[in-house]
Amino acid sequence: MQICITYFLRQPRFGIFSIERLYEDVRAALPADCEATTWTCRYPSTGLWPRLRDAWAARKVQGDVNHVTGDTHYLTYFLNKRSTVLTVHDLVSLGRLRGIKRWLFWLLWYWLPIRRSQAVVTISEATRAELLASVRCAPEKVSVIHNPVSDEFQFSAANVISATPRILHIGVTPNKNLERVAQALQGIACTLVVIGPLSPSQKAILSAHGVACENHFNLSRAELLTQYQRADMLLFASTYEGFGLPIIEAQAVGRPVITSDLCSMPEAAGGAACLVDPYDVAAIRQAVLRVMDDQEYRDDLIARGLVNVERFRASKVAAQYAQLYRTVAAGGG
């Protein structure tokens, strides 16, 4: 039986395409019985009325399965519940709010969309556990399908680490932990390559700790891949992630990864990264120095990373989504 899946996407923002890229890769790898179309929001995800207008418009383009892919949970409000799949990427914003704002966000961004969906997908076991602890719903309604790594992320040999290594750092939001990273790198001869627009205060922090920095943002997919290929390692000591795709991307390119021992990051790393307490500056520093100085350890991380990344290839992730779509289309979601 042919299944028509409508993918509902947020309005594009220049240089921000992570969710769109993920589901572009999933759609390209779907089996023959899954026919995908896309619908994109007309408005940014801000304010009540623009969101409601998009939610109302979305009801006119429904398929056999409606997949709300993330960052637009409100699109579920007027869709057919029996055919709707919602992907929840994280609960980071919920943790930052307090009082009535937190309650309203919980109600309108999580509780109601989950009630209006036949099936819910989280991108890690850690996010699933967090969601079930925050929103009361049947556990069997919530499944885990990891994010895919794009096929363009392939092994690129780097024979020896640079004398002044390029340390890749993805993201500039508070959870990306840039201030502690700057403290950890003080006095280490390296270049920190930060992806994402640095604020004046972040630039001042890096300067105060004497950290040489390159800053890149609004990159295309090809430009982002180039930064991974030019890097000597990925330092991703985040304090919170729903998944942690940069871990997998760096492993796929063949770069050693330092990441946090919190949330979903050990799950994504699959035993193939140097795990640190992201709140411990000394631990971050020690990990960087070990990866720089210990070639045997570095080579082992790379080898295990290349094995780990195969779990996240688009074909495997698409097969899991296809099975979910078949279940929902058959009325058994």
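Within the option set Ala268, Ala252, Ala184, being buried (at least 22 other Cβ atoms within 10 Å of the Cβ), under 20 Å from Glu130 (Cβ atoms) and at pLDDT 95 or above holds for one residue only, Ala268.
Residues that are over 23 Å from the mean Cα position of the chain (by Cα) and either of a type in the set (Val, Ile, Thr) or in a helix (DSSP H, G or I) (or both) within segment 113-139 comprise just one, Arg115.
Within segment 29-81, being exposed (fewer than 15 other Cβ atoms within 10 Å of the Cβ), at pLDDT 95 or above, farther than 15 Å from Ile3 by Cα and of a type in the set (A, V, I, L, M) holds for one residue alone: Leu52.
Scanning segment 140-172 for residues that are more than 22 Å from the chain's Cα centre (by Cα) and of a type outside the set (Gly, Ala, Ser) turns up Glu140, Asn159, Val160, Ile161, Thr164, Pro165, Arg166.
When Gly242 is tested against the conditions (1) part of a helix (DSSP H, G or I); (2) at pLDDT below 95, the lone failure is (1).
Any idea how many residues of segment 249-268 are in a helix (DSSP H, G or I) and either acidic (Asp, Glu) or closer than 23 Å to Ser162 by Cβ (or both)?
At the first step, the residues of segment 249-268 found to be in a helix (DSSP H, G or I) are 249-253, 265-268.
Now restrict to residues that are either acidic (Asp, Glu) or closer than 23 Å to Ser162 by Cβ (or both): 249-253, 267.
Going through segment 249-268 one residue at a time, the tally reaches 6.
The values are calculated or read from the model by the stated rules, or taken from the named source; none is laboratory data. Keep in mind it's a predicted model, so treat the numbers as computed, not measured. No Cβ is skipped: glycine too gets one built from the backbone with ideal geometry, and neighbour counts run over all protein chains shown.
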